[in-house]
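Below is one structure, written out as structure tokens, with a few remarks after it.
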Amino acid sequence: MSSVDIEEAAAEIFAVLGTGRQVRPFSARHPGFDLAAAYRVAARVHERRMARGERPVGRKIGFTNRRIWDEYGVYAPIWGHVYDTTVHELAAVSVGFPLAGLAEPRIEPEIIVGMSAAPHAAMDDTELLGCIEWVAHGFELVQSIFSGWVFTAADTVAAYGLHGALLVGQRVPVAPDPARWKTTLPAFGIELSCDGASMEKGAGSHVLDGPVAALRHLVGVLEASPDQKPLGAGEIVTTGTLTRALPVQAGQMWSTRLDGIDLPGATVRFR
């Protein structure tokens, strides 16, 4: 794609942000639309969001769960920004979280971490955990501005990394026992339910063998991309869905139960 195409694509994606409207996949219109072009489009969308006052507060990693790769035809992780306008404390939305403005929303139970120091890809798990202040469980609401969730990896990168909202649960400090987290984060189990009915089961190991491994992947990708800002202290990172992403509707209540880790389950009602 030419530089004009990049700007036009960014304008089109930005125009449907928060509206629930959808567009035709760029890969279907431009056979040469690849990941390199997609991250350039995403950077332009990011600039537009900041220009209107949104503040980036961290990153999301998508497609870390290898078990969903065949479902979407995407076979490697992607990443995108999360913002002060899209990140919410789960406790603050107890009356219900609105789905209006999200395109074909789906729910993803995830592990979220808060960085206290800048990590490096060469760090081992213990060193990476030393850069994490807290761990939380919550939900990412993902969306597809492409009808029927039909897209390529490049399309998803350009379209906000599929990010819609991030609902962060109780933040539990990593200190004083990082060794416990090193053991439990890749090993715990999770059950996702809707209106009391079990819908999916997953595990920490499903996200690139564990949330810390997913974090390392993101750090490595950013370090290898000179145009991207490295991950820093104060940022939050959500590490990818622990189960399949499932469609949600207003009126539903979704909840999780976690086993083998010192994190509470999460509950959210949609309106």
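The values are calculated or read from the model by the stated rules, or taken from the named source; none is laboratory data. Given the structure is predicted, the values throughout are model-derived calculations rather than measurements. Cβ sites come from the backbone with ideal geometry, for glycine too, and all protein chains shown count toward neighbours. To get the accessible areas, we keep the full protein, side chains included, count just its heavy atoms, and leave off ligands, DNA and RNA. Shrake-Rupley method; radii C 1.70, N 1.55, O 1.52, S 1.80 Å.
Observations on the structure shown:
- Pairs of alpha carbons in the chain separated by more than 36 Å make up 9% of all such pairs.
- Volume in Å³ per residue [convex hull over Cα atoms, computed for region 1-152]: 149
- Nonpolar atom fraction for region 1-76, defined as the carbon and sulfur part of the 1.4 Å probe accessible area, stands at 51 percent.
- Per residue, in Å², the accessible surface of the chain once ligands and nucleic acids are set aside, probe 1.4 Å: 41
- Positive-end residue, region 153-229 charge dipole about Cα centroid, Cβ charges, pick of Ile190, Val219, Ala158: Val219
- Region 103-232 pair-distance distribution - Cα-Cα, 5 Å bins, rounded %: 2, 9, 15, 20, 20, 17, 10, 4, 1, 0
- Area accessible to solvent at Glu127, 1.4 Å probe radius, in Å²: 100
- Under the Karplus curve 6.51 cos²θ - 1.76 cosθ + 1.60, θ = phi - 60°, whole-Hz ³J(HN,Hα) for region 129-143, x wherever Gly or Pro sits: 4, x, 9, 9, 7, 8, 10, 9, 10, x, 10, 9, 9, 9, 9
- Phi to ³J(HN,Hα) by Karplus 6.51 cos²θ - 1.76 cosθ + 1.60 over region 168-178, Hz, x for Gly, Pro: 9, x, 4, 8, 10, x, 6, 6, x, 10, x
- Surface/4 of the Cα convex hull for region 49-128, nm²: 8.1
- Each pair of Cα atoms in region 131-170 enters the Kirkwood radius, and Stokes-Einstein at 4 °C and 1.567 mPa s then converts it into a translational diffusion coefficient of 110 µm²/s.
- The heavy atoms of Thr19 offer some 60 square angstrom of accessible surface to a 1.4 angstrom probe.
- Placing +1 on each Lys and Arg Cβ and -1 on each Asp and Glu Cβ, with no other charges, gives the chain a dipole about its Cα centre of roughly 480 debye.
- By accessible area, using a 1.4 Å probe on protein heavy atoms only, region 132-259 has 54% of its surface on carbon and sulfur.
- Whole-Hz ³J(HN,Hα) from phi, Karplus 6.51 cos²θ - 1.76 cosθ + 1.60, for region 231-248, glycine and proline x: 5, x, 4, x, 7, 10, 9, 9, 9, x, 6, 8, 10, 5, 7, 10, x, 10
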